[in-house]
1. In which sequence would His73, His49 go, from the one with the fewest C-beta neighbours within 10 Å to the one with the most?
2. Determine, from the Cβ-Cβ distance of Val115 and Ser212 and an R0 of 25 Å, the FRET efficiency 1/(1 + (r/R0)^6), rounded to the nearest 0.05.
3. What is the list of residues in segment 76-120 whose amide nitrogen lies under 13 Å from a point 7 angstrom out from the Cα of Ala52, following Cα to Cβ?
4. Would you mind checking which residues have amide H under 5 Å from Leu213's amide H? H placed 1.01 Å from N; only 5 or more apart, or other chain.
5. Rounded, prolate or oblate: which fits segment 42-247 when a ≥ b ≥ c are the square roots of the eigenvalues of the alpha-carbon gyration tensor, with rounded for a/c under 1.5 and prolate only if a/b beats b/c?
6. Could you tell me the calculated FRET efficiency between Tyr191 and Arg157, based on Cβ-Cβ distance and R0 = 35 angstrom, to the nearest 0.05?
7. Residue farthest toward the positive end of the dipole of segment 42-247, with Cβ of Lys/Arg at +1 and Asp/Glu at -1: which of Thr108, Gly75, Leu146?
Amino acid sequence: MKSALLAGSAIATVVSGYADAADMAPVYKAPPAVAVRPLSWSGFYVGGHIGAGWLSKDWNNVAASSGGSFVGHLGSLSATGAIGGLQAGYNFQSANWVFGVETAWAWTDLNGSFVAADPNFGKASSRINWIGTLVGRAGMTFDRLLLYVGGGGAWTREKDDLAQIDPGSPGAAWHGSDTKFGWTVLAGVEYAIDPHWSARVQYNYYDFGTASLNLNATTPVDITFTPSFALDTPLQVHAVTVGVNYRFGGP
């Protein structure tokens, strides 16, 4: 009997020791969660873009001192070509809304030609080599996605040439160039790859109005033709570009 009591006491002691050891074991806690700052579109940015554009243009109301038959509509042209350049701007984000301003410059190779409607003339051609803009933008974010619209001022350098095929003055030609001012509207979608880099797709419509352009003779002309005349050239351009931006803000 005494042996049984001693054995039971020993077992109780061992069990109690294990319990005490368990109570003294270290307690491991999960590390605190790291707060993730939401992506911000605020701040200055710079970037580049490339794409394609197409223009449409009329040549109207040509008025010459000779009163020739070419007063009126000479013709229309359309052209497609590459467009690409640089942009820089600033965004301010409030909740899910983003407001900003952007300036851009783009090189283009948009040029086209047509045969003038008046029989005294041959080939007429137009080209623009660059487009500049200063616009405001407003958009809404959906996490990393930004949908936006905008509009503002635009300007471009227009160059026009007209050739004469009248037998009395073969090879005569006129040339004119001018900086035209107009406006643009745009819409686009931009995706934030990380807190600094983003990629976008954008559409622009440009309208440069109907301001008159003076064409001046670059070679001798027949006496029945004026060495200079005014030309109204309504000009519209469409462009679709893809681009990347680097933002200096972010977490």
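Just so you know, all these numbers are worked out from the coordinates, no wet-lab data involved. Every value quoted in this text rests on a predicted model; they were computed, and no experiment measured them. Here the Cβ positions follow ideal geometry from the backbone for every residue, glycine too, while neighbour counts run over all protein chains shown.
1. Fewest-to-most Cβ neighbours within 10 Å comes out as His73, His49.
2. Details: r = 23 Å, r/R0 = 0.90.
Working from the Cβ atoms, E equals 0.65.
3. Answer for segment 76-120: 79-83.
4. Leu231, Asp232, Thr233
5. prolate
6. So the FRET efficiency works out to roughly 0.60.
7. Positive-most Cα among the choices belongs to Leu146.
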